[in-house]
Amino acid sequence: MPKNIINKIEKLPTLPTVYSRLTLALSDPKSTPESLARVISSDQSASLKLLKVANSSVFGLPGRIETVKDAIIRLGYNEVSNIIFALSVINLFSKKKLLIHFQPVKFWEHSIAVGIISRLIGNHIGYGNLENCFLAGVIHDIGKLVFFESIEKEYLNVLKLIDEREGYSFEIEQELLGITHAEVGGMVADHWNIPQVLGNSIRQHHHLKDETSDGLSPIVYLANITARFLDLGFSGDNQIPKPDERIWSILRISSDFFDTSLDEILNQHQLITQMLLTD
C-alpha cells in the first residue's frame, strides 16, 4: 500500500470538529436536548442544514421543526448525530475541485443518493437501526476521496483505465494500487472510531456477504447499485453491476419496491443534494 495513503489517513482529523464536540457531549450522562442544541448551534452552517434535512420528506416527520432542540427531540440523539457526521464529512473534503475524470459534486450526488435509497430500503424492511442507513450510504465511497487527497496522479490513472477497459473501480484499484477504496474507507472508519457496523458497510458495499451479514451492509450494497442504475451522480464507475441474486432473499425485498419508490427517490435526491451541496 502506498505510504501516502496511510499518512493521509493518519493526518485526517480524528473527527470533524462539530461532530467531535457533539460526541463528547453525548457521552455526558447529564446531557440534555438543550445542551446538545448549543453545541450544534455553534456551527451556523451545520445547524441550518440540519433543520433543512430534518424537515425534508426523507424523515417524514409531521409538522415543521423550527429549532435544533426540536430536531434532537423528534429525530433522536443518534439520528441527529449521524446527520451532523454526514455534513461534517462532506465539508471535510473539497467540493470545488474539478478534474477530467472526477467531479466532487457528482461524487457527493451519488453518495447522497445511496444514503437516501439506503434509508428507504431500511424503512421498508423494518431495519432495526434505521438511523445508520443514511450516513452509511453517504460515506460508503469515502476511500476514493482519500485516494484523491493522497495519490491524486496515481488515482487519475486508475480512473483512466476504468474508462478504457469499462471495468470496475475496485478491480483496477487492486491491480494498480494493491488496495481498494472500500478497504481504505474501512481504515478511515477505524481511524474515526465510528461503529463497526458502519465500517463493515463501507468495506462490503461492492461484495455481498452471506446471510449472517450485519444487515446494514446488504442495504448499502443494493442502494449503491440502484443509485448507479438511476444515474444519480457519478463516483468514477461507468459499469452498472448486476445485483447478486441472493440480495432479494437476504433483505426480503422485491425488485418491484423500486418501481413504486422511484418518484420518491428522485424527489428526495433533488431536494437533499440542493440542501447539502449548496453553501
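The values are calculated or read from the model by the stated rules, or taken from the named source; none is laboratory data. Predicted, not measured: the structure shown is a model, and the values here were computed from it. Quick reminder, even Gly has a Cβ in these numbers, built from the backbone with ideal geometry, and neighbours come from all protein chains shown.
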Item checked: When residues of segment 158-205 are limited to those that are of a type in the set (S, T, N, Q) and touching a His at 6+ places or on another chain (Cβ under 7 Å), the one surrounded by the most Cβ atoms within 10 Å (Cβ to Cβ) -> Ser201
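For Lys144, are the conditions met, namely being part of a helix (DSSP H, G or I), among the charged types (D, E, K, R) and surrounded by fewer than 22 Cβ atoms within 10 Å (Cβ to Cβ)? Give the derivation first.
Numbers: part of a helix (DSSP H, G or I): yes; among the charged types (D, E, K, R): yes; surrounded by fewer than 22 Cβ atoms within 10 Å (Cβ to Cβ): no.
No; evaluated as a whole, the condition is false for this residue.
Each row is one residue, and each column tells you yes or no for (1) among the aromatic types (Phe, Trp, Tyr); (2) crowded, with 18+ Cβ neighbours inside 10 Å; (3) touching a strand residue (DSSP E or B) at 6+ places or on another chain (Cβ under 9 Å).
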| residue | (1), (2), (3) |
| --- | --- |
| Ala54 | no, yes, no |
| Ser57 | no, no, no |
| Ser81 | no, yes, no |
| Phe85 | yes, yes, no |
Notebook entry, point to check: Only one of Asp70, Asp28 is buried (at least 16 other Cβ atoms within 10 Å of the Cβ) and either without any contact (Cβ under 8 Å) to a residue 60 or more places away in the chain or under 20 Å from the mean Cα position of the chain (by Cα) (or both); which?
Noted result: Asp70
Checklist line | segment 113-129 residues that are buried (at least 16 other Cβ atoms within 10 Å of the Cβ), paired with ones that are aromatic (Phe, Trp, Tyr) (beta carbon under 8 Å, 6 or more apart) | finding: Gly115/Phe134; Ile116/Phe134; Ser118/Phe134; Arg119/Phe134; Ile121/Tyr127; Ile121/Phe257; His124/Phe257
Notebook entry, point to check: Which one of these does Asn4 not meet: (1) touching a Leu at 6+ places or on another chain (Cβ under 8 Å); (2) touching a residue at least 12 places away in the same chain (Cβ under 8 Å); (3) not hydroxyl-bearing (Ser, Thr, Tyr)?
Noted result: (1)
Next item on the list: Take the residues in segment 36-73 that are assigned to a helix (DSSP H, G or I) and charged (D, E, K, R), then tell me which one is farthest from Ser261 (Cα to Cα).
Entry: Arg38
Notebook entry, point to check: So, of the residues in segment 96-107 that are buried (at least 16 other Cβ atoms within 10 Å of the Cβ) and at pLDDT below 90, which turns out to be nearest to the chain's Cα centre (by Cα)?
Noted result: Pro104
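Mind telling me which of the residues Glu154, Glu183 ends up being touching a Leu at 6+ places or on another chain (Cβ under 8 Å), among the acidic types (Asp, Glu), touching a residue at least 40 places away in the same chain (Cβ under 8 Å) and assigned to a helix (DSSP H, G or I)?
Numbers: Glu183 fails: touching a Leu at 6+ places or on another chain (Cβ under 8 Å).
Glu154 is the lone residue from the list that is touching a Leu at 6+ places or on another chain (Cβ under 8 Å), among the acidic types (Asp, Glu), touching a residue at least 40 places away in the same chain (Cβ under 8 Å) and assigned to a helix (DSSP H, G or I).
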Notebook entry, point to check: What are the pairs, 6+ residues apart or on separate chains, where a residue within segment 251-278 that is without any contact (Cβ under 8 Å) to a residue 40 or more places away in the chain has its Cβ under 8 Å from a residue that is surrounded by 11 or more Cβ atoms within 10 Å (Cβ to Cβ) and among the polar types (S, T, N, Q)?
Noted result: Phe258/Thr226
Check: Out of all the residues in segment 246-279, which are polar (S, T, N, Q), within 18 Å of Arg228 (Cβ to Cβ) and surrounded by 13 or more Cβ atoms within 10 Å (Cβ to Cβ)?
Finding: Ser261, Gln268, Thr273
